[in-house]
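Input: a single structure, listed below in structure tokens.
The values are calculated or read from the model by the stated rules, or taken from the named source; none is laboratory data. Predicted model only: the values in this text are computed from it and were never measured. Here Cβ is always computed from backbone atoms with ideal geometry, including for glycine, and neighbour counts include all displayed protein chains. The area values use the complete protein model at the heavy-atom level, side chains included, leaving out ligands, DNA and RNA. Shrake-Rupley method; radii C 1.70, N 1.55, O 1.52, S 1.80 Å.
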Amino acid sequence: MSDSLFPDVEARPASDGRDDAPARYETANRAQIELQPCDLEALLPPGHAARLVWRFVEGLDLSAFYRAIRAREGRAGRAPIDPKILIALWLYATMDGVGSAREVDRLCYGHDAYRWLRGGVSVNHHTLSDFRVAHQAALDDLLTQSIAVLLHRGVVTMARVAQDGTRVRGSAGAGSFRRGETLQTCLRLARKQVERTQRQAEAPAPTRTEAAQQRVAADRLARVEEALAQLPAVQATKARQTGKRQTEARVSTTDPDARVMKMADGGYRPAYNVHLATDVDSRVIVGVRTLNSGADQSHLGPMLDAIARRLGQLPQAQLLDGGFVTKAEITAAAARHVTVYAPPMQRAGRTRPPDAPVDGDTPAVVAWRARMATDEAKTIYKARGATAEWVNADARTHRTLGRVLVRGLAKVHTWALWIALAHNMLRTMEIVPHLMT
């Protein structure tokens with residue numbers, strides 16, 4: 001018996017490099033699962049944008065979000081995700097130009113910045129999607145907070161505010177718009193579908209598929225009923241615009257709030273009209289309104305009301321495109337000590353100078369015409385394009401406002417609030433970076 005520990009190895013002759021035995025080596029095996037230690041805090045360098053987003057969210061008053069949590073100490077039920085995490089994820093996603101909840105879900109497990117913000121908490125696209133549209137009032141308050149801090153520090157001056165609107169492509173399809181008679185047919189079919197799915201759900205053990213079918217049928221019925229409810233108002237608006245009451249109106253069965261509007265490229269598609277008011281000096285958004293009307297006239301007064309409710313004060317001057325104002329609104333704005341800068345509209349074929357008074361003009365309108373003829377007013381008005389149109393273009397190109405993925409006026413407005421909050425956060429980073437450190 002050999003005293004060696006590995007007798008077989010010692011007995012094997014040394015290779016002289018001339019044998020025909022196959023080579024032995026290690027190769028890649030990418031199907032195996034590896035458990036690697038990960039320090040989330042070390043994923044991002046200091047000053048990373050995700051860290052700044054978290055710092056921004058920590059400075060906000062989120063009490064309205066926490067009050068909505070139903071899970072309480074001493075009660076049964078699973079604890080929900082901290083609202084701070086979901087707010088930070090959606091703000092960073094909006095900054096990143098990501099508008100899909102499924103894409104945010106994927107990034108939360110494959111992108112270091114999203115993984116850091118998630119902080120080890122499990123999220124899914126259902127939770128992300130529901131949270132984005134479920135807290136409109138609380139989100140509106142966050143936007144007010146983002147403005148109030150800058151207003152208190154004198155960054156937002158409210159000396160001049162530029163207002164402009166942009167038409168946003170809706171989620172409804174162009175083929176989903178139906179006339180009244182077709183809507184009645186859709187209503188009957190939807191009710192039959194609901195009855196059929198209810199009978200399936202009453203079975204002793206309904207499947208998940210049957211329960212899902214019942215929810216889909218009930219949702220479709222609700223949308224068709226809402227479309228029929230909105231049909232008279234759409235018909236009245238169409239009659240005022242065309243002067244022909246026999247013109248049949250159409251409403252979408254997938255998104256009853258959407259309206260067909262003329263877009264920037266000249267085409268007509270289902271859309272919403274999002275109005276943003278921006279402080280000229282700081283380029284911070286101070287007002288957001290979402291409409292389902294393509295007309296831009298008569299929106300100065302409502303925007304001033306929205307700004308006053310949000311900030312408790314009005315701007316000294318409002319800069320608007322010529323199609324936004326009416327004589328009545330100019331008079332009303334002057335009574336509220338707001339100076340309007342908007343070019344007078346000149347109809348084709350008229351030779352009258354734009355600054356010439358017209359019969360029926362109020363003193364405020366006469367003053368507006370004379371003011372817009374001066375070089376000083378023209379110089380001030382140039383800031384509107386550099387402010388309002390820049391904000392709209394940035395929101396459409398980089399902040400997911402090119403096309404919304406939600407349906408309904410309230411949800412689209414909440415989408416716009418997320419974009420405005422993300423925009424203001426970026427402006428805070430740029431103009432007062434010490435607040436983010």
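In order along segment 269-276, the Karplus-derived 3J(HN,Hα) couplings, from 6.51 cos²θ - 1.76 cosθ + 1.60 at θ = phi - 60°, round to 8, x, 7, 10, 10, 9, 9, 10 Hz, and Gly and Pro are given as x.
Under the 0.36 nm per residue contour assumption, what length would be gained going from the current alpha-carbon distance of Leu35 and Ala212 to full extension? Don't jump to the answer; show the numbers that get you there.
Working: separation 177, 0.36 × 177 = 63.72 nm, distance 3.67 nm.
The Leu35-Ala212 span can extend by a further 60.0 nm.
Rounded to the nearest 500 deg cm²/dmol, what is the calculated helix-only ellipticity per residue at 222 nm for the chain, with -39500 (n - 2.57) per DSSP H run of length n ≥ 4?
Values: 16 runs with 207 residues, N = 437.
It comes out at -15000 deg cm²/dmol, rounded to the nearest 500.
Which lysines have a Cα less than 22 Å from the Cα of Lys262, not counting those fewer than 8 places away in the same chain? Filter leaves Lys238, Lys244, Lys411.
Cβ-Cβ distance of Ala148 and Tyr268, R₀ of 60 Å, FRET efficiency by 1/(1 + (r/R0)^6): the value works out to about 0.90.
Amide H contacts of Val340 (H built 1.01 Å from N, in plane; Pro and chain starts excluded): Gln318 sit under 5 Å, all sequence-distant by 5 or more or on other chains. Across the protein chains, with a 1.4 Å probe defining accessible surface, the residues His111, His275 rank His111, His275 from largest area downward.
Dipole orientation for the chain: of the candidates Ala335, Thr237, Ala211, Thr237 has the Cα lying most toward the positive pole (charges on Cβ; Lys, Arg +1; Asp, Glu -1).
In this simple spin-label approximation, Ala370 and Tyr25 carry label points 7 Å from Cα along the Cα→Cβ vector, and these lie 9.1 nm apart. Taking amide hydrogens as placed 1.01 Å from N in the peptide plane, the amide H of Met261 sits under 5 Å from those of Arg269, Ala271, each at least 5 positions away in sequence or on another chain.
At a Cα cut-off below 25 Å, give the lysines reachable from Lys382, other chains included and same-chain residues fewer than 8 away excluded. Cα-Cα hits under 25 Å: Lys327.
If I stretch the segment between Glu225 and Tyr109 completely, what's the gain in nm (0.36 nm per residue apart, minus their alpha carbon distance), one decimal? Write out the running numbers ahead of the final one.
Numbers: separation 116, 0.36 × 116 = 41.76 nm, distance 4.02 nm.
Stretched out fully, the Glu225 to Tyr109 stretch lengthens by 37.7 nm.
DSSP bridge analysis restricted to the chain gives an antiparallel fraction near 75%, rounded to the nearest 5.
Loop-located trypsin sites (Lys or Arg not before Pro) in segment 240-311 (DSSP state other than H, G, I, E, B) with a sparse environment of at most 15 neighbouring Cβ atoms within 10 Å: Lys244, Arg245. Each residue of segment 75-85 was assigned a 3J(HN,Hα) from its phi angle through the Karplus curve 6.51 cos²θ - 1.76 cosθ + 1.60 (θ = phi - 60°); the sequence is 10, 6, x, 7, 6, x, 6, 4, x, 4, 5 Hz, with glycine and proline shown as x. Largest accessible area first, the residues Glu210, Glu58 order themselves as Glu58, Glu210 under a 1.4 Å probe with ligands, DNA and RNA left out.
Counting Lys and Arg as +1 and Asp and Glu as -1 over every other residue whose Cβ lies under 9 Å from the Cβ of Leu43, the net charge comes to -2. Helix 101-110 and the longest principal axis of the Cα set of the chain meet at an angle near 40°.
Highest mean first, what order results for 186-196, 38-48 on Cβ atoms within 10 Å?
Packing proxy ranking, top to bottom: 186-196, 38-48.
Helix 125-134 sits at what angle to the longest principal axis of the chain, using alpha carbons and giving 0 to 90 degrees rounded to 10? Result, in degrees: 20. Computed with a 1.4 Å probe over protein heavy atoms only, the accessible surface of the chain comes to 56 Å² per residue. Leaving out ligands, DNA and RNA, and with a 1.4 Å probe, what % of the accessible surface on the chain is carbon or sulfur? Reported share for carbon and sulfur atoms: 51 percent.
Are there trypsin sites (Lys or Arg not before Pro) in segment 40-88 that DSSP marks as loop and that have at most 14 other Cβ atoms within 10 Å, and which are they? Display every interim value, and only then the final one.
Numbers: sites: Arg51, Arg55, Arg67, Arg70, Arg72, Arg75, Arg78, Lys84; in loops: Arg70, Arg72, Arg75, Arg78.
Counting only loop positions with at most 14 other Cβ atoms within 10 Å, the trypsin sites (Lys or Arg not before Pro) in segment 40-88 are Arg70, Arg72, Arg75, Arg78.
Across segment 188-196, rounded Karplus estimates of 3J(HN,Hα) from the backbone phi angles (6.51 cos²θ - 1.76 cosθ + 1.60, θ = phi - 60°) give 5, 5, 5, 5, 5, 5, 5, 4, 5 Hz, Gly and Pro being marked x.
Please compute the length gained on full extension between Asp355 and Ala236, using 0.36 nm multiplied by the number of residues separating them and subtracting their Cα-Cα distance.
Numbers: separation 119, 0.36 × 119 = 42.84 nm, distance 3.52 nm.
Answer, rounded to one decimal: 39.3 nm.
When Tyr341, Tyr109 are compared by accessible area of protein heavy atoms, the largest-first order is Tyr109, Tyr341, using a 1.4 Å probe.
Distant-in-sequence amide contacts of His135, defined by a placed amide H-H separation under 5 Å and a gap of 5 or more residues or a different chain, comprise nothing.
From the alpha carbon centroid of segment 58-114 to that of segment 164-217 is 30 Å.
For an R0 of 35 angstrom, estimate the FRET efficiency from the Cβ-Cβ distance between Lys378 and Ser298 and round to the nearest 0.05. The pair Lys378/Ser298 has a calculated efficiency of 0.90. Return one number: the angle in degrees, 0 to 90 and rounded to the nearest 10, between the long axis of the Cα atoms of helix 49-58 and the longest principal axis of the Cα atoms of the chain. The answer is roughly 70 degrees.
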